[in-house]
Structure formats: structure tokens, C-alpha cells
Amino acid sequence: MAKQEPIGPSLLVRGARSYPPGDGSKPVDVLIRGGRIQALGDGLDPDGAEVLEADGLTVIPGLLDVHVHFRDPGLARKEGWEHGSAGALHGGVTGVIEVQNNPPLSVSREALEARIEHVRARSRVDFACLANLLPDSLPEVEAMAPLTPAFKLFLGGSTGLGGQTDRDTLRTLFAAARRAGRPVVGHCEDEDLLREGKRRYPDATAAEHHLVRSEEAEVRSIETAIALAEETGAALHVFHISTARGVEQVREARARGVAVGSSTAPHYLLLSAEDAPRLGNRMRVNPSIKTREDSAGILAGLLDGTVEAIGTDHAPHPLEEKERPYKHAPSGMPSVDLLWPLTFELVRRNLLDAETALASVSWRAAESLGILGKGRLAPGYDGDLVLFDPTAVRGVVGTELPSRSRWSAYEGMELAGFPEVVVRRGAIAFRDGAPTGEAGGAPLRLAPRLG
Ligand SMILES: [Zn+2]
């Protein structure tokens, strides 16, 4: 390992059990020096490092959430980095990839640099900011590429941003990302079919959101995005995949050698349209939450690696806005506060094996968007880890969550895996249900640009 300047404190986490919990789990010490993991083993010598006794707890790497909206700068009244990053720690997350979908958008190098400096001072977790891929940003794509892991493109409109429909424009945007050596991250819903859905269901309620924003809209848009990736050679990552057919399209394209990956969100795995009459606008998200068969298809995609990651698409809104009639309520739900408990729930329900579940929110999440040094308990990786008691179960109480919305679509759900301690780059960042220490995030380390 190359000699590195110490970038954080030293800590020995002693006696936590390895993951998965259960019979095969054994105690392991993790020694962090200068903010990075130096060694794992049994009976490690702290050699001057602070010691954290972790008997009875299970240790996993700090999680990477590949998709959050903290709406800051511009709309901090809905979240802001202080609240959002405290929520992230509550969910076991030590790094986030953030998508700005409210002004000021990251359409120039200057705007992106200003945003990164704004976040650096306020965040309690490490971060990367996606640049926006719009006709306006075309002259700046090359200049922004060194500062962003990927370019976010809305093929279908969602909160705050309209979708791009013109095929030539889309091709130009994909080609620009290709030249800049960064992937296109797509919000894939076909804008024309979204409009048709609104026309067809003029009196829709929240229970029909999955009909207004249909399966077909996602499927057709993924088809478009994959075709553009093939035509231009750009790498594609489909965000928040919500349909079994969409997963199948990605699987087939990967088999043909197209550089396409995908991620999903916990709500597409744990909720279905059958929950809509009960949850109303609280589960109104874009893309819509579809059927149980779709959940099963996405889980199969996680198992075979077609779907690489689970990110929350944390998209906070005040409850009073969500309680408006369907037509006037915004889409999006908060959930970064619960990323590990919700992921662990997939294991508890035998929907996903323990290794795949953890990989989807740690190393595989990091690799899916070219993030270096996060997501593994291994020497040289950032000294980020989560300690939790896998047997401690409690109900979700929205008003107790640190992010600003203070409501949850999972209200009352009995979950386990709530982090007790979170360590980021060797410093205890969260303990006893609250963040500790000062804010201050570091930009995530990015893989070299694609050739
Ligand atoms: Zn989003």
C-alpha cells in the first residue's frame, strides 16, 4: 500500500462480531489508523489508538447511499445537509451520492465547485455531487467531469425537472458524457407516456399512481436509454429501477456487452401498489411503486448482479405537502435514515441473502458509480464502520428520525439493524441515536475517467 498522509484519527474497534450474524459469526478487531483501515484480526494491539469495546455488536462497513436529494443549496427548508447527513448516519450511511433536482442546478464547473464547497462545510458524511446533464450543461460537461462520478439525466420529468424527449438532443447528451468519460445516470420514464397517463386518469388518486406513471413508461424509457448507450458508447446506470421487465432489459443488454448497470430503492422491494390505499401519497414516488411480481424481479436482479445497488432516493417533503390531494402532492419519500434497517429487513424476511444485501449498500454500490475506498472492511479502505445489534427490534417512529421530514412510509414497521455506533474515517460520528462531533464532509474519491 502506498504511504498515505494521515487524514483522520486512529481507533481500535474491539470484539465486534463479523457479518452475517449467527452461527458463523466470530469476533473481529478493526484497527483504523490515520482515518483508514490498517488491519483486521484477533487481539490487535491498539498501539496508542483509542479503543472502542464492541462486545455484543455486529460490524459492517459504513454504507454508501448512491441516490439522495438533500435539496441544499436552494431548498434547504425541505432538508439541508445538516439534517440530511444526520439522517444518513442514523441509517448507517457514511457516504452519499447526491442529486440536485432543484435550482441552482449543477450545469457548470463553477456551479458544481460552489456546491461542493457548500456541502463540504455542512455534511457529516462524505459525498459526491452528480452534475446535471441538460442542453444547458453541454459546454461544461468536459470541465465538470473530474469533479463528478456521473451525469444525471432525466428522460422523464420528476420533482422540479422536466424530462428530455427529443431523440437527437438525448443522443447529443449521451455522446457528451461519453467524451467526458463519465456514465449517464438515467431517471428512466418515458415523458410521452407519463403525459398520456395523466390524460387517461384525470381523476386519479394516490392508489392509482402506478397506473398514471406506468410500467410501460419505465420499460420504454430504459429501451431508449440502452439504445442511446449502444449508439454512443456511453456507460449507463439506470437509477431506481422499479419493474421486473426493466431489470430484464438491463440483463439482456449486459449480456450483449453494453455498459449498463442499475440500482433500485428499498420501497420497490418492501412495498407494492397494494399498500397504496393505506399509505396514500406517502408512498407516492417516481417511478411509481408497482406490483409484488415487480419486487420479485428486482430481487432476482440483485441476486445475479443486474441490479448492483440499493440506494434510498431519499426525497424529503414536509408532511403537510404530502397530505394535499393526489394531484397537488409532491412525489418522493424520506428514507436515508433507515437504509441499513430496511436492507437488513430483506435478509430477515428471507428475500435476499445476507452477503448480497450488504454488498448492495456497500462495495457493490461504490463500484457501480466508480467510488473508491468505501464499502469494504479491508486494509486501505476508509475507516468507516457500523455497529449494530441484529437482535434488537423496534418500530419505526417518523418523528424520531433525524432528517427534516419527520414522517415515514414505514411508520410502525418493526425493524432490526438500527446502528448503535457509526464511525467515519476513524472518528465516532454517531452514537446513542445522535450525531457526535463537528460537521465536515470530504468529497468521495472518484475512479479515473473511462477511456
Ligand atoms: Zn431521485
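Where a number appears in this text, it was derived from the coordinates with a stated rule and is not lab data. Computed from a prediction, not measured in an experiment: that's the story for all the values here. Positions of Cβ are backbone-derived with ideal geometry, glycine not excepted, and every protein chain shown enters the neighbour counts.
Within the range 62-372, DSSP assigns beta bridges of which about 5% are antiparallel (rounded to the nearest 5). The Asp203 and Glu142 beta-carbon pair, evaluated with R₀ = 51 Å, returns a calculated FRET efficiency of approximately 0.60. Ranked by the mean number of other Cβ atoms within 10 Å of their residues, highest first, the peptides 410-418, 207-215 come out as 207-215, 410-418. For the chain, the longest principal axis of the Cα atoms and the long axis of helix 81-90 meet at an angle of about 60 degrees.
A P(r) calculated from all alpha carbon pairs of the range 31-183, with 5 Å bins opening at zero, reads 2, 8, 16, 17, 16, 12, 9, 7, 6, 4, 2, 1, 0 percent. Peptides 74-83, 330-339 ranked from most to least packed give 330-339, 74-83, packing being the mean of other C-beta atoms within 10 angstrom over each peptide's residues. Take every Cα pair under 8 Å whose residues are at least 6 apart in sequence, average their separation, divide by the length of the chain, and the relative contact order is 22 percent.
What's the angle, to the nearest 10 degrees (0 to 90), between helix 339-348's Cα axis and the longest principal axis of the chain? Rounded to the nearest ten degrees, it is 90. Share of pairwise Cα-Cα distances greater than 33 Å in the chain is 30 percent (whole percent). Assuming R0 = 22 Å, what is the FRET efficiency of Leu211 and Glu411, from their Cβ-Cβ distance, to the nearest 0.05? Plugging the Cβ-Cβ distance into 1/(1 + (r/R0)^6) gives 0.30. Centre-to-centre separation between the Cα atoms of the range 274-339 and those of the range 393-424: 16 Å. Protection proxy ranking of 183-191, 226-234, 195-203, by the mean of other Cβ atoms within 10 Å over each peptide's residues and highest first, is 183-191, 226-234, 195-203.
With respect to the chain, whose longest principal axis is taken over its alpha-carbon atoms, helix 109-122 is tilted by about 40°.
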